[in-house]
Amino acid sequence: MAQIRIENVRKEFGAFTAVQSSTFTIEDGEFFMLLGPSGCGKTTTLRMMAGLELPTSGEIFIDGEEVGMKPARQRDIAFVFQMFALYPHLNVGKNISYPLISQGMAKLEAKKKVHEIAEILGITDILDKRVGGLSGGDRQRVALGRAIVRDPKAFFMDEPLGALDAEFREHMSEELRALHNRMNATTVYVTHDQLEAMQMGDKIVVMNHGVVEQFGAPQDIYDWPATKFVAQFIGSPPMNFLDFDASVSEGSTAVTLESASIEVPETREGASGAITLGVRPEHLSLDDSAAYRGRITATEYLGTTQIVTLDTANGELKVRMSSEEDARVGDQTGITFDPRTISLFNSDTGQALR
Ligand code: ATP
């Protein structure tokens, strides 16, 4: 098991900066997600931790030891790639024991270890089968078996479930998480899927254009996005944004939307000018007596909940509410905000003000 720390790590490819100076810590035993859109630098960050890419500057520590310039094989980690490369002509047992045998472990000892791992993964009954004829799920389990059999300090996974269809993907992500709970090995996992990151991660780093936008537990990131980018990237449908001119003061701020005044508590920073108010769809409700008004333009039925879209003086708003509540396209209605759940951002910098 291992603690991994990245300190001011930066990566340039020629004139292009793929990762801006980044600092964060992955605690021992954590399931840690590197999340962000395509090209944001998450794979490059993972490859630097693994020793497959050298940082341009900065330091990488594994259990307190600086390893930034050390090659991958000296870092005692296991990399699980998206395309699991198994040996099709060997059986399952031999595929899993391969790393042990090539390290020089005695055959009998390796066999015992393979049985332990097969037990954990629930694949003892297929140990003698050739991998060529296995289902996708079993192949993934074998590949995982091969990665974990060495007892590495940490696992690095780059979109390991990316090639799977939605249903199977969900099943495998549950299995991976359960496996992690049993083994408790530090796992660093790259994904562009915010839902996957929220469901699986103990901690998440959100990256955009090579910059770490936020780092924290899924619920903190969801509830208190540090930037407008994070607010938009996490959650489906994403956070609503309303732009207006206002003056925010430190402590608490009265935000006036049309004829409605909302007292927003605990504002951290003052700012004036272009302000963006952010509010999650589930933190809004419809109330005919409310002063802030909108017109319903669409409803989307999702089973127990529905998403209602409204047109307001400040733009479009989406509200998530019970399907049992009435909402008809064309109706005018009032909208209420819970001030405790409101985010405020400086519209120019995108930084959160509370
Ligand atoms: P994806 O999910 O698409 O893989 P990512 O967030 O993992 O995206 P990276 O693969 O880390 O992003 O790439 C970040 C940026 O660095 C991209 O613009 C990519 O084109 C660039 N890049 C990555 N590797 C190299 C390289 N070896 N040489 C030049 N540019 C590179």
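The values are calculated or read from the model by the stated rules, or taken from the named source; none is laboratory data. None of the values given here were measured: they were computed from a predicted structure. When we count neighbours, we look across all protein chains shown, and the Cβ atoms used for this are built from the backbone with ideal geometry, even at glycine.
The table that follows gives values for the structure above.
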read-out: Any hit, the range 180-191, residues being farther than 27 Å from Asp63 by Cβ, among the hydroxyl-bearing types (Ser, Thr, Tyr) and either outside the structural domain of Ser38 (by TED's automatic domain parsing) or at pLDDT 85 or above (or both); value: no
read-out: Candidate set from the range 60-81 (those that are assigned to a loop (DSSP other than H, G, I, E, B) and surrounded by 14 or more Cβ atoms within 10 Å (Cβ to Cβ)); member that is farthest from the ligand (Cβ to nearest atom); value: Asp63
read-out: Selection count where residues are surrounded by fewer than 16 Cβ atoms within 10 Å (Cβ to Cβ) and touching a strand residue (DSSP E or B) at 6+ places or on another chain (Cβ under 7 Å), scope the range 266-281; value: 5
read-out: Looking only at the range 200-214, and only at residues there that are of a type outside the set (Lys, Arg) and under 10 Å from the mean Cα position of the chain (by Cα), the one that is farthest from Pro238 (Cα to Cα); value: Asp202
read-out: Residues of the range 130-165 satisfying the condition of being under 14 Å from Thr191 (Cβ atoms) and either outside the structural domain of Ile120 (by TED's automatic domain parsing) or without any contact (Cβ under 8 Å) to a residue 40 or more places away in the chain (or both); value: Leu161, Leu164
read-out: Residue, surrounded by the most Cβ atoms within 10 Å (Cβ to Cβ), within the range 236-265, restricted to residues that are part of a loop (DSSP other than H, G, I, E, B) and out of contact with any Lys or Arg (no Cβ under 6 Å at 6 or more places or on another chain); value: Pro238
read-out: Enumeration of residues in the range 16-59 that are assigned to a loop (DSSP other than H, G, I, E, B), within 12 Å of the ligand (Cβ to nearest atom) and either among the basic types (Lys, Arg) or under 16 Å from the mean Cα position of the chain (by Cα) (or both); value: Gly36, Pro37, Ser38, Gly39, Cys40, Gly41
read-out: Selection status of Ser272, part of a loop (DSSP other than H, G, I, E, B) and either without any contact (Cβ under 8 Å) to a residue 60 or more places away in the chain or in contact with a helix residue (DSSP H, G or I) (Cβ under 9 Å, 6 or more places away or on another chain) (or both); value: no
read-out: Residue count for the range 281-306, restricted to those that are more than 19 Å from Met239 (Cα to Cα) and in contact (Cβ under 8 Å) with a residue 40 or more places away in the chain; value: 5
read-out: Failed condition for Ser102, given (1) closer than 26 Å to Tyr189 by Cα; (2) at pLDDT below 90; value: (1)
read-out: Selection from the range 300-334 of residues that are among the β-branched types (Val, Ile, Thr), surrounded by fewer than 18 Cβ atoms within 10 Å (Cβ to Cβ) and part of a strand (DSSP E or B); value: Thr305, Thr312
read-out: Exclusive hit being touching a Leu at 6+ places or on another chain (Cβ under 7 Å), on the phi < 0 side of the Ramachandran plot and crowded, with 21+ Cβ neighbours inside 10 Å, set Leu34, Leu46; value: Leu34
read-out: Residues within the range 170-194 that are away from the ligand (no atom under 16 Å from the Cβ) and either closer than 18 Å to Gly41 by Cβ or not in a strand (DSSP E or B) (or both), tallied; value: 16
